[in-house]
Amino acid sequence: MPNTFHLSLDVPDLDEAIRFYRELFGTDPAKLQPGYAKFELTDPDVALALQEAARPTLSHLGIRVETAEEVEASSARLRDEGLITFDERDTTCCYARQDKVWVSDPAGNKWEIYTVLEDVETDPVAEGAAPACCTPESACCT
């Protein structure tokens, strides 16, 4: 499986956004949970996540890789390039258990390189917990 581009959007009306993207892409969401939907496209290879939030904004961008080893290698490469990174291992986000590394571009856009270890039925962030990456010193949060 090739790497997959990941785009995460915060949307004020999830049902309206699902209707729009369903029509745009001609397919139903691959994952649908309270306050969350994800479309998995193969042409182009994109994972689009939608989270219900008060204001519309770009949440983050990412590259989904196949293995935890690829996440580790990406983390090391980014650090070696002098970028500030934030590693998360065995974390639950977007109804999936994941390993990931975060980095921010010069404009402050958050990027993650991640792998999905397994899907899960609950998401602590969706249930009101702060994301683990949101600490003052982290590269992933504004």
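The values are calculated or read from the model by the stated rules, or taken from the named source; none is laboratory data. Note that this is a predicted model, so its numbers are computed, not measured. Every residue, glycine among them, receives a Cβ derived from its backbone with ideal geometry; neighbour counts consider all protein chains shown. Just so you know, the surface numbers come from the protein's heavy atoms only, side chains and all, with ligands and any DNA or RNA stripped out. Shrake-Rupley method; radii C 1.70, N 1.55, O 1.52, S 1.80 Å.
Table for the structure above
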read-out: Relative contact order (percent, whole number), the chain, Cα cutoff 8 Å, 6+ residue spacing; value: 22
read-out: Cα centroid separation - the stretch 47-77 against the stretch 17-33, whole Å; value: 19
read-out: Relative contact order computed over the stretch 13-79 (Cα-Cα under 8 Å; 6+ residues apart), in percent; value: 21
read-out: Semi-axis lengths, Å, the chain, gyration tensor of Cα atoms, sqrt of 5 times eigenvalues; value: 24, 17, 15
read-out: Highest-MSF residue in the chain out of P29, P44, P106 [GNM, Cα springs under 10 Å]; value: P106
read-out: DSSP-assigned coil residues among GluC sites (Glu not before Pro) in the stretch 74-117, each with at most 16 further Cβ atoms within 10 Å; value: E81
read-out: Accessible surface of T92 - all protein chains present, 1.4 Å probe, nearest 10 Å²; value: 40
